[in-house]
1. Residues of segment 324-372 being within 29 Å of Ile304 (Cα to Cα), at pLDDT 70 or above and part of a loop (DSSP other than H, G, I, E, B), which ones?
2. List pairs: first residue in segment 347-365 and more than 18 Å from Ser325 (Cβ to Cβ), second residue surrounded by 14 or more Cβ atoms within 10 Å (Cβ to Cβ) and modelled with pLDDT under 75 anywhere in the structure, Cβ distance under 6 angstrom, at least six positions apart or on different chains.
3. Take the residues in segment 291-342 that are within 20 Å of Tyr83 (Cα to Cα) and in contact with an Asp or Glu (Cβ under 7 Å, 6 or more places away or on another chain), then tell me which one is surrounded by the most Cβ atoms within 10 Å (Cβ to Cβ).
4. Among the residues of segment 51-58, is there at least one that is surrounded by 15 or more Cβ atoms within 10 Å (Cβ to Cβ) and part of a loop (DSSP other than H, G, I, E, B)?
Amino acid sequence: MGVWNPFKSIFRSRTLANGTGPLMVFSGGKIQTQSSVDVNQAFKNSDVFTVVERISSDIAACRYNGQQYQTLLDNPFHLMNPYAGWQEVLIQLLLNGNSYVVIHRDKQQKASWLEPVPSDDVSLTLQDNAADIIYHVQYTDERADKDYLSADVLHFKLVTPGMDVNQYTGVSPLMALVPELGIQDNSKKLTLTSLIHALAPTNIYTTPNAITEPGAKDKIREAFEKANTGDNAGRVMIMDAGAKLETIDVTPNVAKLLDNATFSQTQIAKAFGIPDSYLNGQGDQQSSIEMIRSLYQNALTMYIRPIESELSYKLGAPVKLDVTSAIDVDHQNELNNIVSLSKANLLSPRQAFGLMLANDIMPGLTVEDSDINLLKLNKKNTTKGGENANDDQNNQP
């Protein structure tokens, strides 16, 4: 008979972070002055909003391919269209580093529809011996709170540090932007304060004689403005002998403050891994549109992989996202690839037309056998390297 263990029924479950707490940054064992980022406030930052909106909208527009779960992926949400639902999931993922979606199952325990849940309404508990993670969902409607096993929750997460409470949760790129967002916020406040409290007349009119009475100064100013504005604007200006008129420009210090946003824009784009030209609308002379698009498409991979991996893992079937359907809206890149492969004789004319029709590259395109034969004839008559294509074929054994 085994030894009775009085502690067998005692569990050492512990609560995990859900990713919605303040993002703290430590340096030398001390919390930095700008110690946290409020994701709600960060989303109000125009640069952060631009990045998050762009990434979430592009990935939400991707084509989801999921074999036997294709029907589910084509229309996964109730009360929301697929685009809006996936964008909500991705915005939570980008801002919090975590996003939660409950898998609702039918009587046969097959996934029937998905329900995104705000990160603030989810708490995680790691069971004893790390047997499973329980997701406690606090619904904001009339439904009672409910606990879900990890198999019934899609938990999308970005970078997973694997440290203590963050062992099973991810962190947002905003973690790396605590100093930059603090600099940008303080710079904007300082600039606004400088503009509000600065001495900001447009012109200074100096009289030849000293005037101490405020009323006399008002009369001179009003008379000068009346003589040189309104219907008199643009006419010859007549001034008293010894009087001077000076124009006030924005001081270099204030102008420098207004340019401080460029640094933060670059850092925000860097943290989210996208070309900064997507933020400031400018590209360098060495970067073409195709190069920037390629860099951006590669950057989206770091956000697409967590979606694919979690869907494949929890649904039990491979799920792939086709990013070209979102990035190459006009199908120009895909068309160029087909043309290049055709010129290299890696695709036959019929295969090229088939790819164009399958991917809806040229809507309304119809292909007849006569078109295929004409293309074949043109390819045979095309010379390459001074030799006729027919000669090459005839020389083959």
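The values are calculated or read from the model by the stated rules, or taken from the named source; none is laboratory data. Predicted, not measured: the structure shown is a model, and the values here were computed from it. Backbone-built Cβ (ideal geometry, glycine too); neighbour counts: all protein chains shown.
1. Ile361, the sole residue that qualifies.
2. As it stands, the answer is Pro349/Ile372; Pro349/Leu375; Arg350/Ile372; Phe353/Val367, since those pairs meet every condition given.
3. Among those residues, the one meeting the criterion is Leu321.
4. No, there is no match, as no residue in segment 51-58 is surrounded by 15 or more Cβ atoms within 10 Å (Cβ to Cβ) and part of a loop (DSSP other than H, G, I, E, B).
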